[in-house]
Amino acid sequence: MAVPFDQMEGMIWFDGKLVPGPEAKIHVLTHGLHYASAVFEGERAYNGVIFRGTEHSERLVRSANLLDFEIPYSVAEIDAAKRLVVEKNGQKNAYVRPIAWRGSEQLGVSAQGNRIHLAIATWEWPSYFDPAQRLKGIRLDLADYRRPDPRTAPCLAKAAGLYMICTVSKHRAERRGYADAMMLDWEGRVAECTGANIFFIKDGRIHTPIADCFLDGITRRTTIDLARRRGIEVIERRILPDELTSFSEIAQWNFKPGPITRQLMDDYTAEVQPKGKAAAA
């Protein structure tokens, strides 16, 4: 049985100090727990180097601003804290999770006087999808919930509250025998999966939804950049569910990696590996 996260060994950076993981606790009446006033990042360290760590830190700060609070640490300080945790935990290949939230000074909807906290944890965590399964393809369900209209929620923030419908949708998909669920936007157009952006192939071109009501992922931007380096055209546009059967490398909601997908998977693996002096740091 896996060790519960609140019992994992290792250090967590908590409000400027390193503390043992089991001691990194918050009060049950914390605003971030009751009102989802929390933002986070999901990052990866490869051979001790966090991939695009500064971009993640910058997005964490922007997400906090969208939720109307300011993290009391600079991007450079957040970067340094993340590197410190990776080093202290001795996990060269690790998942890195910074999270910032409103504390427990007030518990009403208005909590402008609450202290803002920041914690950073790391742990060993394999790929979101099993590597062997990725090459075989995955089956997707259609989520019941949709990505909200940008006028109704801070959709471009990586905010805790926006992931509640993702958890519900993925649970339902898994119970039905699917690997994940595809989410539509508020107007019924393809948006993303529950924890990842989505791409389609047609006539040698890549098509992907416009990221205006969901997170423009750093992995998404990296993939687009890698494709364009290969001379592959990437088209960001509105995609309707009725179009899905016209794409290649997909068949009746069963997505299977074809030549372009496999090439970009290899390119991404090469891209995230530390190069030069950074690998020795």
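Things to note:
- Lone unmet requirement of (1) crowded, with 17+ Cβ neighbours inside 10 Å; (2) without any contact (Cβ under 8 Å) to a residue 24 or more places away in the chain for S110: (1)
- Pick from segment 51-63, criterion touching a residue at least 60 places away in the same chain (Cβ under 8 Å) and surrounded by 21 or more Cβ atoms within 10 Å (Cβ to Cβ), ranking: farthest from R115 (Cα to Cα): H56
- Any hit, segment 14-23, residues being in contact (Cβ under 8 Å) with a residue 24 or more places away in the chain and touching a Pro at 6+ places or on another chain (Cβ under 7 Å): no
- Scanning segment 74-95 turns up no residue that is buried (at least 19 other Cβ atoms within 10 Å of the Cβ) and under 16 Å from P154 (Cβ atoms).
Each value in this text was obtained by applying a stated rule to the coordinates, not by laboratory testing. It should be emphasised that the depicted structure is a prediction, and the values quoted were computed from it without experimental measurement. Using ideal geometry, Cβ is built from the backbone for each residue, glycine included, and neighbour counts are taken over all protein chains shown.
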